[in-house]
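S.K.: Encoded as structure tokens, here's the structure I'll be asking about.
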Amino acid sequence: MTFSELKLIKPLITALDKLNYTQPTPIQQQAIPHVLDGRDIFGCAQTGTGKTAAFSLPILQFLSLKEQNNNRRFIKALVLAPTRELALQISDNILAYSKGLNISHTTVFGGVSQQNQVKDLRRGVDILIATPGRLLDLMNQGFVDLRSIEFFVLDEADRMLDMGFINDIRKIITKLPAKRQTLFFSATAAPDIMKLADTLLKNPVKVSVTPVSSASEMVSQRVYYVSKENKRSLLKHLLKDNSIEHALVFTRTKRGADRVAKELNSSGILAAAIHGDKSQGARTKALKGFKDRSIRILVATDIASRGIDVDKLSHVINYEMPEQAETYVHRIGRTGRAGSEGTALSLCTADEMPYLKDISKLIRKDIEIVKSHPFSSNEKQSAGIDQQIISNHRPGNTPGHNNKQTTNKNRRRQNPRHKKNNNEKRNSKIL
Ligand code: AMP
């Protein structure tokens, strides 16, 4: 299935093309046609399934097709998210999807001054993304008028309830017009969630996707502890093994992808890099080479890799561990497809141990540690982290948002890089 078959308009297709989204994810395939038909949705899906696009693409389509008669824009779509991180992530996605459209949006959340948020609201926006507490504050001060809302999205409803937002949500709902389309997303369908959904939705279509935590049984997973300095040497050492016919190597950054590909090529290992800063031509060429096997190694960032659909990929290599555990599942899902076996190798430094721990919790599986290799490091001891750390997941502990939230929070506290990234992101996003 393609996005055009979902009857999305040209500017959206172009934006998705630029993002390398080649085909809709299951939640998008299931939800988008119903949203375009005007139906309410109860979506059972977690982060990582593509649910943001599932609700934002049809909303953007509706808003852009609707004639904008007013100079002053009224808020027509409200997206409620439990945390500022999620609100910003949704805002980033909407920004990317709405590139060719004349649709404005802004994000409001607590913990920062409301001044710029108010300025934006005064100017008028089509879509408002908000956390409940700050939204109520702004509503009580008369800065937000929800009477023109046509679309109401409640994202991660389960987490909202866990975080005690139910009363805020109830107050907000009373200010929404009765005639509206409501899209409700939750990772679980627990009784209290269903009760809330019942009060909000009219004859909803239920869509659900399998949680992202299920890593394929067909993928054998191994991890190598190594120091930062030795990562490149270890990668080259691993690639000397000819049983690695065809590998997708993941880095966290675009520059990292370029550096790794360059280093491999200079050591005689044919590699290409693919990421968002490469021209469409260069990306197509690299992909074609990888698919026809004239290029053995493709080095990619997560975003760029989304559109890569290669049959019989023997290996995925995590040159850098992903910060989100779900991303690991997506990465290794590139191999071991359609009944064939695959291998996922991860190169992990002491800094990256917390990510590995999160991954193990999410997939509820021990990842085999390769103890003896020429670049084996003792960093784990110096970091005070026992080698068994990745076996420390609690069996039966449902990998859920709360877990992820806590661990992410701890990780941010420990890792100054997060602080910097968040501040940078926030500064560029708060309007
Ligand atoms: P979400 O579950 O909405 O947080 O999305 C998870 C990630 O998947 C985000 O990085 C999206 O940019 C990406 N994504 C969403 N839909 C697609 C798609 N159809 N193809 C490739 N990537 C996607």
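S.K.: Which condition breaks for Arg73 when tested against (1) over 24 Å from Asp158 (Cβ atoms); (2) open to solvent by 10 Å² or more (accessible area, probe 1.4 Å); (3) within 12 Å of the ligand (Cβ to nearest atom)?
M.R.: (3)
S.K.: Taking the criterion of being in contact with a helix residue (DSSP H, G or I) (Cβ under 7 Å, 6 or more places away or on another chain) and closer than 23 Å to Ile32 by Cβ, would at least one residue in segment 131-148 satisfy it?
M.R.: No, there is no match, as no residue in segment 131-148 is in contact with a helix residue (DSSP H, G or I) (Cβ under 7 Å, 6 or more places away or on another chain) and closer than 23 Å to Ile32 by Cβ.
S.K.: Now for a different question. Would it be correct to say that Leu135 is assigned to a helix (DSSP H, G or I), out of contact with any Gly (no Cβ under 6 Å at 6 or more places or on another chain), open to solvent by less than 60 Å² (accessible area, probe 1.4 Å) and farther than 21 Å from Lys66 by Cβ?
M.R.: Spelling it out, Leu135 is indeed assigned to a helix (DSSP H, G or I), out of contact with any Gly (no Cβ under 6 Å at 6 or more places or on another chain), open to solvent by less than 60 Å² (accessible area, probe 1.4 Å) and farther than 21 Å from Lys66 by Cβ.
S.K.: Can you name every one of the helices (runs of 4 or more DSSP H) wholly within segment 140-200 that holds 1 or more residues which are assigned by TED's automatic domain parsing to the domain that holds Leu121 and more than 22 Å from Gln89 (Cα to Cα)?
M.R.: 166-174, 191-200
S.K.: Name every residue in segment 178-224 that is surrounded by fewer than 13 Cβ atoms within 10 Å (Cβ to Cβ), of a type in the set (S, T, N, Q) and at pLDDT below 90, in order of residue number.
M.R.: Answer for segment 178-224, where residues must be surrounded by fewer than 13 Cβ atoms within 10 Å (Cβ to Cβ), of a type in the set (S, T, N, Q) and at pLDDT below 90: Thr210, Ser214.
S.K.: Looking at (1) in a loop (DSSP other than H, G, I, E, B); (2) at pLDDT 90 or above; (3) loosely packed, with under 13 Cβ neighbours inside 10 Å, which is the only condition Ser227 fails?
M.R.: (3)
Residue-wise test of (1) of a type in the set (Lys, Arg); (2) more than 7 Å from the ligand (Cβ to nearest atom); (3) open to solvent by 10 Å² or more (accessible area, probe 1.4 Å).
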{"site": "Thr25", "(1), (2), (3)": "no, no, yes"}
{"site": "Gln28", "(1), (2), (3)": "no, no, no"}
{"site": "Ala54", "(1), (2), (3)": "no, yes, no"}
{"site": "Leu57", "(1), (2), (3)": "no, yes, no"}
{"site": "Leu60", "(1), (2), (3)": "no, yes, no"}
{"site": "Leu65", "(1), (2), (3)": "no, yes, yes"}
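S.K.: Select the helices (runs of 4 or more DSSP H) contained entirely in segment 239-305, then report the ones holding at least 1 residues which are of a type in the set (A, V, I, L, M, F, W, C) and within 13 Å of Ile317 (Cβ to Cβ).
M.R.: 254-266
S.K.: Keeping to segment 332-364, report how many residues are at pLDDT 80 or above and of a type in the set (D, E, K, R).
M.R.: Total satisfying the criteria: 6.
S.K.: So, in segment 95-117, of the ones that are crowded, with 22+ Cβ neighbours inside 10 Å and within 16 Å of the ligand (Cβ to nearest atom), which residue ends up nearest to Phe143 (Cα to Cα)?
M.R.: Thr107
S.K.: Tell me which residues, restricted to segment 1-23, are under 18 Å from Ala300 (Cβ atoms), more than 10 Å from the ligand (Cβ to nearest atom) and either among the basic types (Lys, Arg) or open to solvent by less than 70 Å² (accessible area, probe 1.4 Å) (or both).
M.R.: Lys18
S.K.: Identify, from the list Val79, Val35, the residue that is surrounded by 19 or more Cβ atoms within 10 Å (Cβ to Cβ) and under 27 Å from Met163 (Cα atoms).
M.R.: From the options Val79, Val35, the qualifying one is Val79.
S.K.: A further question on this structure: Give Ala81, Ala130 a once-over and let me know the one that is within 16 Å of the ligand (Cβ to nearest atom) and either among the small types (Gly, Ala, Ser) or within 24 Å of Asp192 (Cβ to Cβ) (or both).
M.R.: Of Ala81, Ala130, the one residue that is within 16 Å of the ligand (Cβ to nearest atom) and either among the small types (Gly, Ala, Ser) or within 24 Å of Asp192 (Cβ to Cβ) (or both) is Ala81.
The values are calculated or read from the model by the stated rules, or taken from the named source; none is laboratory data. Everything numeric in this text was worked out from a predicted model, so none of it was measured. Every residue, glycine among them, receives a Cβ derived from its backbone with ideal geometry; neighbour counts consider all protein chains shown. Keep in mind that these areas ignore ligands, DNA and RNA; they rest on the heavy atoms of the full protein, side chains included. Shrake-Rupley method; radii C 1.70, N 1.55, O 1.52, S 1.80 Å.
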